[in-house]
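Asks: After the structure tokens below, expect a handful of questions from me.
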Amino acid sequence: MSPLMEEKDTPLLKFYVMPDIESVEIQRARGGGKEIRSKVTSLHDVFYKEKEPCHKIYLTADAGFGKTALSKRLVLTWCQAKNCIPNEDEHFKKEDISTMSDFDFVFLLSLRDCSEEWDIDEMIKKQIINYLAHTISTSDFENILSKERCLIILDGLDEFTHAKSDIPHRKARRKCTILTTTRPWKLGVSKISASEIERKLELIGLSKTSSKSLKRTVISLLCGKTDIEKHIQEFDRAISDRGISDLETIPLLLMYLCVLWCDGIELGASRTELYCQTVELLLKRTFEKYPDMQQPREQSQSDIPQCFSEHEHCKEHYTFLQALGQLAFETLFSENKESTLVFSRSVTEKHLTPEYLKLSLNSGMLTQSTEKTLTKQISKFSFSHKTVQEFFCALYISCQNESDVKNIVLNKCKSLQSILDMSTVLVFISGMVNVEIITSISQEFLSVISEDKITSKYRLTTDEDCKPLKDIQDMYMSCMKENTSDKELKLFCQDLFFREDYKQEKYFTYLARLAVHNKNNMASININTLHRGRSLREIIDCCELHELFPINKISYYGKEENARLPVLLDKSAKCVAVTSSLGFPGSWSREMLETLQNNSLLQAIYIYNFEMSHDVLNEFLNYNINRKTMTEIKLWCLFCTKHWRSCAFSLDFSQHSDLRKLELGWIPEVSQLKVNSQVKHVKLHSINLGEMSLPPEMANIESVDLYNVNMSASTLRDLVKVVEKLSHKVTVTIDWSCKIEPETEFEHVKQYIRSSKNFRVTEDWWREFVFETNVES
């Protein structure tokens with residue numbers, strides 16, 4: 001538990017408490033995908049889904065939630081499964097032991113130490129195989145990974161940097177399971193497709209029970225086992241009085257809080273203050289242990305950020321802290337990505353004198369490791385935790401004059417990904433500098449974020465989610481929490497998300513403040529009220545959303561509050577996505593229709609699970625048909641209150657020259673369907689096509705998805721002929737529920753596809769037949 005514990009090393013089993021883990025599944029629904037969360041109760045749930053093993057698992061969590069600790073805990077559980085130590089048996093669940101015993105080999109790789117290798121096999125050879133007592137031949141190594149049941153844990157994808165790619169290269173192996181841990185933003189901006197993630201898990205922090213267990217362990221170790229309940233109550237009162245109870249869910253910060261409190265230090269009111277206090281405690285303990293290292297250098301008060309001003313040792317050794325800050329900054333944002341988190345002695349000594357390096361190591365702020373080669377030993381250094389490095393980096397930036405602070409940040413934040421990469425640093429800066437600086441920086445971010453491809457795609461389509469933009473909002477929420485000054489921190493943010501976390505009182509208060517401040521430059525509003533959070537009425541009232549202001553996109557997912565929807569639809573957004581929750585359809589009123597009809601700017605629409613009167617439904621469909629400027633039309637689960645799905649409508653989108661995506665599913669009978677040749681993506685569900693065919697001149701089509709579609713085999717053959725002529729990749733999916741007649745001719749078409757060099761069949765079993773054009777041919 002270095003640097004907080006007196007011992008250099010502390011057995012993980014002595015302290016480890018499992019944080020809560022949730023599985024995040026994207027459930028395929030008629031109109032797309034819905035995020036379904038479920039609690040993970042055992043390691044079996046981590047590695048298996050419906051009794052089938054998962055081979056590509058990603059586990060996400062913010063800094064300090066215990067990704068690395070969990071990785072190490074998995075290794076310990078496997079060791080216990082393979083070689084039981086009786087007196088440690090109490091630390092493990094029997095079912096966890098059983099699950100880990102399924103693996104023949106486990107490899108734990110720290111990606112921060114893998115800057116030179118891109119291939120996972122090469123990483124294992126360098127980090128593990130080279131250190132084993134007996135040499136393993138290349139063929140033996142290949143056999144292990146190919147034939148044995150192996151678990152490879154890649155810890156810290158967000159800490160991996162390589163010139164070739166930001167994702168390590170992996171070979172396809174049937175028996176190999178790869179568990180990758182990362183901060184959430186990395187998944188949002190990386191090129192990892194949804195099909196490459198069999199299981200997505202999220203560490204959501206410590207539950208109240210787990211938090212109490214960790215407090216009990218740490219406090220009993222530091223304060224003794226007598227009156228432990230009394231000590232815990234006093235600790236709880238202390239953090240409650242300071243309004244920082246929310247930090248208890250983060251294992252790393254809870255450890256810091258416990259150690260500081262047990263040392264008699266009055267706790268700060270923010271994460272920045274907590275890290276300041278931790279630095280002060282580390283210096284205090286080091287000087288008590290090594291008095292000769294204390295060489296006070298008093299600083300003028302004006303040079304020191306307010307958060308350090310009350311800490312005696314921090315003030316006296318401020319030049320030392322600044323030197324650490326410069327090391328943190330130069331490495332974290334180094335052009336040489338290989339030395340970002342782990343750096344050489346030469347890089348370290350460039351910023352630290354021998355005395356400062358010794359103090360850094362003795363205090364535990366830096367750690368040292370030795371790498372042996374055939375001819376020499378190489379020393380490498382890193383900060384004790386990435387957040388400690390980010391804290392010192394923020395300290396260095398905050399020490400510059402105001403214009404330089406702004407220039408440094410903007411120079412490093414030229415894309416959405418780079419802003420998120422720097423998010424923890426920005427949060428710490430918010431706790432150190434004047435609010436005006438952070439306000440100004442967030443204003444400059446507007447153009448950076450708006451011009452990013454991820455943002456453009458989200459704002460111009462009906463996509464219901466955009467994790468990176470939600471992460472930007474979460475970063476701003478944390479910045480607002482860090483501000484302990486008397487001045488209100490006003491931040492600029494264009495994309496607002498009202499999701500599950502707005503249930504938290506403090507989060508919603510800050511979010512409402514953010515919304516009110518950004519009324520005139522808001523680009524999108526994304527509201528999900530399904531999970532018993534705030535009501536739509538409360539969101540509209542508290543955030544002043546009833547006022548008219550221009551906006552690009554409205555996305556709403558909820559139920560039973562349709563009467564308030566016209567307030568949102570009245571914004572004349574270019575993109576509108578409205579989903580009534582799964583189950584009974586919502587009611588689409590004439591007022592909602594008229595509000596939509598008044599929208600002269602609409603270009604993308606997604607409406608899901610609503611019933612309408614026959615006249616309203618007819619007018620609604622005609623509105624979409626007559627708007628020739630639409631780029632995206634997605635209509636799902638629309639029902640006529642009089643005829644349910646038995647009435648018929650002609651849908652002619654042949655004049656929609658800008659239309660790129662068309663999705664129709666579970667709507668009334670389609671008597672005629674026409675599509676413009678410019679369309680790129682077509683998805684049809686529960687539609688009776690019969691002899692109707694898609695236009696033969698579809699030169700831009702990229703995907704056709706058919707589910708529960710009735711059509712003639714000749715129509716399918718026509719489609720195959722169309723896509724066969726195209727030079728770009730086209731994917732066609734035919735679900736098992738489709739009825740294509742006559743069946744004998746359908747089989748002939750499939751056989752033609754299988755045998756043709758112009759196609760590649762990617763799925764061919766009873767549930768799905770998927771093929772794509774073979775571009776190479």
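Asks: Contact list please: Cβ distance under 7 Å, first residue in segment 347-364 and touching a residue at least 40 places away in the same chain (Cβ under 8 Å) and outside any helix (DSSP H, G or I), second residue open to solvent by 50 Å² or more (accessible area, probe 1.4 Å) and not hydrophobic (A, V, I, L, M, F, W, C), pairs at least six apart or on different chains.
Replies: If the second residue must be open to solvent by 50 Å² or more (accessible area, probe 1.4 Å) and not hydrophobic (A, V, I, L, M, F, W, C), the pairs left are 364/2.
Asks: Please work out if residue 243 is open to solvent by 30 Å² or more (accessible area, probe 1.4 Å), in contact (Cβ under 8 Å) with a residue 12 or more places away in the chain and assigned to a loop (DSSP other than H, G, I, E, B).
Replies: The answer is yes for residue 243.
Asks: If a residue has to be outside any helix (DSSP H, G or I) and of a type outside the set (A, V, I, L, M) to count, how many in segment 582-623 make the cut?
Replies: 17
Asks: Since residue 134 meets every condition but one in (1) out of contact with any Cys (no Cβ under 9 Å at 6 or more places or on another chain); (2) open to solvent by 70 Å² or more (accessible area, probe 1.4 Å); (3) not in a loop (DSSP other than H, G, I, E, B), which condition does it not meet?
Replies: (3)
Asks: Now for a separate question. Test residue 214 against the stated conditions and say whether it is touching a residue at least 60 places away in the same chain (Cβ under 8 Å), more than 23 Å from residue 24 (Cα to Cα) and either touching a Pro at 6+ places or on another chain (Cβ under 8 Å) or surrounded by 15 or more Cβ atoms within 10 Å (Cβ to Cβ) (or both).
Replies: Answer is yes for this residue.
Asks: I'm trying to understand the selection: among the residues of segment 697-745, which are open to solvent by 50 Å² or more (accessible area, probe 1.4 Å), under 38 Å from the mean Cα position of the chain (by Cα) and of a type in the set (Ser, Thr, Tyr)?
Replies: Of everything in segment 697-745, just one residue is open to solvent by 50 Å² or more (accessible area, probe 1.4 Å), under 38 Å from the mean Cα position of the chain (by Cα) and of a type in the set (Ser, Thr, Tyr), namely 727.
Asks: Which of the residues belonging to segment 664-681 are under 26 Å from residue 587 (Cα atoms), of a type outside the set (S, T, N, Q) and open to solvent by 20 Å² or more (accessible area, probe 1.4 Å)?
Replies: 666, 669
Asks: Return the pair list, or none, for Cβ contacts closer than 6 Å from residues in segment 649-675 that are touching a residue at least 60 places away in the same chain (Cβ under 8 Å) and of a type in the set (Lys, Arg) to residues that are surrounded by fewer than 19 Cβ atoms within 10 Å (Cβ to Cβ) and not in a loop (DSSP other than H, G, I, E, B), at least 6 apart or on different chains.
Replies: That search, which allows pairs on different chains as well, returns 661/681.
Asks: Right, something else. Testing residue 439 on (1) open to solvent by 60 Å² or more (accessible area, probe 1.4 Å); (2) within 21 Å of residue 482 (Cα to Cα), one condition comes back false. Which one is that?
Replies: For residue 439, the exception is condition (1).
Asks: Looking only at strands (runs of 3 or more DSSP E) that fall completely inside segment 628-727, which ones have 3 or more residues that are in contact with a helix residue (DSSP H, G or I) (Cβ under 7 Å, 6 or more places away or on another chain)?
Replies: So the answer is 632-640, 648-653.
Asks: Considering only residues that are over 19 Å from residue 175 (Cα atoms), of a type in the set (A, V, I, L, M) and assigned to a helix (DSSP H, G or I), look in segment 43-80 and name the one that is most open to solvent (accessible area, probe 1.4 Å).
Replies: 76
Asks: I need the full set of residues from segment 148-169 which are surrounded by fewer than 22 Cβ atoms within 10 Å (Cβ to Cβ), modelled with pLDDT of 85 or more and part of a loop (DSSP other than H, G, I, E, B), in order please.
Replies: Passing the criteria: 148, 149.
Asks: Can you tell me how many residues in segment 682-696 are within 20 Å of residue 654 (Cβ to Cβ) and open to solvent by less than 60 Å² (accessible area, probe 1.4 Å)?
Replies: To start, the set of residues in segment 682-696 that are within 20 Å of residue 654 (Cβ to Cβ) comprises 682-684, 687-696.
Within this subset, residues satisfying the condition of being open to solvent by less than 60 Å² (accessible area, probe 1.4 Å) are 682-684, 687, 689-690, 692-695.
Total satisfying the criteria: 10.
Asks: Does residue 595 meet the test of being β-branched (Val, Ile, Thr), surrounded by fewer than 22 Cβ atoms within 10 Å (Cβ to Cβ) and in contact with a Pro (Cβ under 9 Å, 6 or more places away or on another chain)?
Replies: In short, yes.
Asks: A further question follows. Mind listing whichever residues of segment 405-418 are in a helix (DSSP H, G or I), open to solvent by less than 10 Å² (accessible area, probe 1.4 Å) and over 17 Å from residue 389 (Cβ atoms)?
Replies: Within segment 405-418, 405, 416 qualify.
Asks: Could you please give the count of residues in segment 719-744 that are under 15 Å from residue 769 (Cα atoms) and either of a type in the set (D, E, K, R) or without any contact (Cβ under 8 Å) to a residue 12 or more places away in the chain (or both)?
Replies: 3
Asks: Could you list, in sequence order, the residues of segment 561-607 that are charged (D, E, K, R) and in contact (Cβ under 8 Å) with a residue 12 or more places away in the chain?
Replies: Selection gives 561, 564, 570, 571, 574, 590, 591.
Asks: Could you check, for segment 752-773, whether at least one of its residues is open to solvent by less than 10 Å² (accessible area, probe 1.4 Å) and more than 38 Å from the chain's Cα centre (by Cα)?
Replies: For segment 752-773, residues open to solvent by less than 10 Å² (accessible area, probe 1.4 Å) and more than 38 Å from the chain's Cα centre (by Cα): present.
Asks: Go through segment 750-777 and give me each residue that's in contact with a strand residue (DSSP E or B) (Cβ under 8 Å, 6 or more places away or on another chain) and in a helix (DSSP H, G or I).
Replies: Once the filter is applied, which keeps residues that are in contact with a strand residue (DSSP E or B) (Cβ under 8 Å, 6 or more places away or on another chain) and in a helix (DSSP H, G or I), segment 750-777 yields 750, 753, 754.
Asks: Please go through segment 81-128 and give me each residue that is assigned to a helix (DSSP H, G or I), crowded, with 18+ Cβ neighbours inside 10 Å and aliphatic (A, V, I, L, M), ordered by number.
Replies: 81, 100, 111, 120, 123, 124
Asks: Related question: So, residue 632, is that one crowded, with 20+ Cβ neighbours inside 10 Å, at pLDDT 95 or above, closer than 17 Å to residue 688 by Cα and not aromatic (Phe, Trp, Tyr) or not?
Replies: On the way: crowded, with 20+ Cβ neighbours inside 10 Å: yes; at pLDDT 95 or above: yes; closer than 17 Å to residue 688 by Cα: no; not aromatic (Phe, Trp, Tyr): yes.
No.
Asks: Given 537, 499, 564, which one is in contact with a Leu (Cβ under 6 Å, 6 or more places away or on another chain) and either at pLDDT below 90 or open to solvent by 60 Å² or more (accessible area, probe 1.4 Å) (or both)?
Replies: Values: 537 fails: in contact with a Leu (Cβ under 6 Å, 6 or more places away or on another chain); 499 fails: in contact with a Leu (Cβ under 6 Å, 6 or more places away or on another chain).
Exactly one residue qualifies, and that residue is 564.
Asks: Going by the conditions given, is residue 413 more than 17 Å from residue 492 (Cα to Cα), touching a helix residue (DSSP H, G or I) at 6+ places or on another chain (Cβ under 7 Å) and not hydroxyl-bearing (Ser, Thr, Tyr)?
Replies: No.
Asks: Tell me which residues, restricted to segment 178-200, are outside any helix (DSSP H, G or I), free of Cβ contacts under 8 Å to residues at least 40 places away in the same chain and either open to solvent by 50 Å² or more (accessible area, probe 1.4 Å) or among the aromatic types (Phe, Trp, Tyr) (or both).
Replies: Result: 191, single match.
The values are calculated or read from the model by the stated rules, or taken from the named source; none is laboratory data. This structure is a prediction, so every number in the text was calculated from the model and none was measured. A quick note on method: Cβ atoms are made from the backbone with ideal geometry, for glycine too, and the neighbour counts reach across all protein chains shown. Heads up: the accessible areas ignore ligands, DNA and RNA and are worked out on the full protein's heavy atoms, side chains in. Shrake-Rupley method; radii C 1.70, N 1.55, O 1.52, S 1.80 Å.
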